[in-house]
Amino acid sequence: MAVAPKKDADNAVADGGSKKKKLFMIIGLAVALIAISIGGTVVALKMLSPAPAPGEATAEEEHEETAVLAPAIYFEMKPNFTINFNVNGRQRYLQAAITLLYRDPQLESLLTLHMPAIRNGLVMLLSGKSFDELQTEEGKESLRAEALDIINGQLLKEQEALIAKNDDGEDVSATKVEQVLFTNFVMQ
């Protein structure tokens, strides 16, 4: 009879270990279900949240745009440009008013200082064009692009000279004109 109580004790120990395993498995399963539930909720909220409308920026994008894009500054080149053309033995004229758009306030002093060289480049560009070419929309757009290249090329050349001359370690960053605008363009 001594054997029987020993078997019952072994069974009781085995049942106790089995109960602990079941308890740990149930707790582990509960933790896994909670984690899946939280993850699913987060994904569902992101998917169901309204997307920003086209053209509507998020708060982060708006901050980046305002940090990058400074206010526009306009520089009117005076006097207007007047160019004469000889077309089939007749004198034709072009009068153009040009305004420059840029964003760096320090650029105005460079534009003013180097205006004779910039105007010379633009006069050479304008006088090298044909009268008929400038009457088309494509011709005017091509002229704007070439004028922008001439102006920025002149500014870059002068800024590079300034950077090379500046030996005291001060940061001199190159700036440029963003657009050339024809505020008046008369051909006759």
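Summary table
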{"item": "Qualifying GluC sites (Glu not before Pro) in segment 109-188, DSSP loop, other Cβ atoms within 10 Å at most 13", "result": "GLU170"}
{"item": "Sequence ranges 88-98, 33-43, ranked by mean other-Cβ count within 10 angstrom, highest first", "result": "88-98, 33-43"}
{"item": "Chain lengthening between VAL42 and LEU113 when straightened (0.36 nm per residue, less Cα-Cα)", "result": "19.6 nm"}
{"item": "Convex hull of Cα atoms in segment 70-187, direction-averaged projection (nm²)", "result": "7.9 nm²"}
{"item": "Potential lengthening between LEU23 and LEU156 on full extension [0.36 nm per residue; Cα-Cα distance subtracted]", "result": "40.3 nm"}
{"item": "Qualifying lysines (Cα of each under 26 Å from Cα of LYS157; at least 8 residues distant if same chain)", "result": "LYS78, LYS129, LYS140, LYS165, LYS176"}
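Values quoted throughout were computed directly from the atomic coordinates according to the rules given, and no laboratory measurement underlies them. Remember, it's a predicted structure, so these values are computed and weren't measured experimentally. Cβ sites come from the backbone with ideal geometry, for glycine too, and all protein chains shown count toward neighbours.
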